[in-house]
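Report on one structure; see the data block that follows.
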Amino acid sequence: MDIPYTVQPRRDTGLYNAKLGIWLFLASEVMLFGALFSSYILLRVGADPGEWPQRLLNVPIGTVNTLVLITSSVTVVLGWAALKQKNFAKYRKLQTITVLCALTFVGIKSYEYADKFKHYQVITKDGKVYDGHLVKQDNEVVVLEGGLIDASKGKAHGVMVAQREAELHGGHHPEVEIKRSEIQKIGNYGPGHNTYMSIYFTLTGLHALHVIGGALVIAYILWPGAGMYKTDPERYINRVEVSGLFWHFVDLVWIFLFPVLYLL
Amino acid sequence: MSLKALHLLFIIVSTLLCFGFAGWALWAYSHEDVGRRANLIMGSTSAALGVALLAYGRYFLRKLRDVSYL
């Protein structure tokens, strides 16, 4: 028995099955990300004036990742258009670029995550706050590449900006050695550091999982699933369109995430 | 909504982001003492990309003239 409406649209909805299915799925995704964005806004609006951390993230890296995703959206749609014009070779080239863009995005995101996990803040018993990248730690001392920050500001904002400038100019911070016995609190900029880092990791982590999932689907359709193009080309083109719709949703989420997390 | 329509929406939002980000980076360039060169590069690149996206949007509309928005 053949499944109806895999290629031709239903008269009542005007859509074929897969397109209706993906839009229903995307509606649920909008609710998921919408809830998380709402949480972010409520947490930020509810924070005391001057307490919400800003510019903790590396803007040039985020910009590069944004460019990578915009490029991938262009290649995914041009690949679909090439397939509609029966140019399978061009489609394959363009979709390969899409998958490479996805891998690049995940690679850059991993680098950003690793950097945050290596970045430490140390509060000593006499109230001093040190901030910097962990060089080494043992039972006796903790060595950071960074420095003392103005605890009255309560944030590492100034240090972060200065560090970013130093990185841009290839400079290095001096190493600071802190004795374990003097440390009151030590922790990295992981999800447990503060509310901002927590929501940053939740939103970008969930988004990165969507990028990985989308890339896997596109890669499957592109390579192991490509046989369908010979047996049922219209259905295959529909699959490519549906995967492209999901990919665009993932990219649109990032277009909103980037300014909210990196710039504002 | 077809991939064509969603892509068009995506290009519009991306173009707005590019011009908005260019404004942000150029404002930071003129008001902040750190990372000035990077802000200038990001701002001008982003503005150029916004213009490129507008041109691409026109090209895309012409190329997929016969494809339905539904």
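Structure summary
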read-out: Qualifying residue in the stretch A:216-229 (condition: free of Cβ contacts under 8 Å to residues at least 40 places away in the same chain and under 30 Å from residue A:116 (Cα atoms)); value: yes
read-out: All positions within the stretch A:93-148 that are aromatic (Phe, Trp, Tyr) and in contact with an Asp or Glu (Cβ under 9 Å, 6 or more places away or on another chain); value: A:120
read-out: First in the stretch A:1-13 and free of Cβ contacts under 8 Å to residues at least 40 places away in the same chain, second anywhere and part of a loop (DSSP other than H, G, I, E, B), Cβ under 6 Å, 6 or more apart; value: A:5/A:16; A:9/A:15; A:9/A:16
read-out: Any hit, the stretch B:33-53, residues being within 12 Å of the chain's Cα centre (by Cα), under 30 Å from residue A:9 (Cβ atoms), crowded, with 18+ Cβ neighbours inside 10 Å and facing chain A (nearest Cβ under 10 Å); value: no
read-out: Matching residues, the stretch B:1-26, being facing another protein chain (nearest Cβ under 9 Å) and within 14 Å of residue A:63 (Cα to Cα); value: B:14, B:17, B:18, B:20, B:21, B:24, B:25
read-out: Test: residue in the stretch A:76-96 that is among the hydrophobic types (A, V, I, L, M, F, W, C), part of a helix (DSSP H, G or I) and within 22 Å of residue A:261 (Cβ to Cβ); value: no
read-out: Number of positions in the stretch A:181-234 that are in contact with a helix residue (DSSP H, G or I) (Cβ under 6 Å, 6 or more places away or on another chain), closer than 24 Å to residue A:264 by Cβ and small (Gly, Ala, Ser); value: 2
read-out: Residue within the stretch B:32-40 that is closer than 20 Å to residue A:238 by Cα and either of a type in the set (Val, Ile, Thr) or part of a helix (DSSP H, G or I) (or both) present; value: no
read-out: Odd one out for residue A:58, checked against (1) modelled with pLDDT of 95 or more; (2) crowded, with 17+ Cβ neighbours inside 10 Å; (3) not aromatic (Phe, Trp, Tyr); value: (1)
read-out: Pair list, Cβ < 8 Å and 6+ apart or interchain, from the stretch B:52-70 residues that are free of Cβ contacts under 8 Å to residues at least 12 places away in the same chain to residues that are not charged (D, E, K, R); value: B:63/A:81
read-out: Which listed residue is over 19 Å from the mean Cα position of the chain (by Cα), more than 7 Å from chain A (Cβ to nearest Cβ), surrounded by 16 or more Cβ atoms within 10 Å (Cβ to Cβ) and hydroxyl-bearing (Ser, Thr, Tyr), from B:29, B:69; value: B:29
read-out: Sole exception among (1) of a type in the set (A, V, I, L, M); (2) crowded, with 18+ Cβ neighbours inside 10 Å; (3) under 18 Å from residue A:79 (Cβ atoms); (4) in contact with a Phe, Trp or Tyr (Cβ under 8 Å, 6 or more places away or on another chain) for residue A:228, by number; value: (2)
read-out: Any hit, the stretch A:22-33, residues being away from chain B (no Cβ under 14 Å), outside any loop (DSSP other than H, G, I, E, B), more than 30 Å from residue A:116 (Cα to Cα) and not polar (S, T, N, Q); value: no
read-out: Residues that are of a type in the set (Gly, Ala, Ser) and either modelled with pLDDT of 90 or more or within 26 Å of residue A:44 (Cα to Cα) (or both), drawn from the stretch A:148-197; value: A:151, A:152, A:154, A:156, A:158, A:162, A:181, A:187, A:190, A:192
read-out: From the options A:4, A:9, residue that is at pLDDT below 95, away from chain B (no Cβ under 13 Å), over 24 Å from the mean Cα position of the chain (by Cα) and surrounded by fewer than 17 Cβ atoms within 10 Å (Cβ to Cβ); value: A:4
read-out: Of all residues making up the stretch B:29-58, the number that are modelled with pLDDT of 95 or more and of a type in the set (Lys, Arg); value: 1
read-out: Output for the stretch A:115-131, where each listed residue is within 11 Å of residue A:189 (Cβ to Cβ) and modelled with pLDDT of 90 or more; value: A:115, A:116, A:117, A:118, A:119, A:120, A:121
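The values are calculated or read from the model by the stated rules, or taken from the named source; none is laboratory data. Because the structure is predicted, anything quoted here is derived from the model rather than measured. Counting neighbours? That spans all protein chains shown, and the Cβs are built from the backbone with ideal geometry, glycine included.
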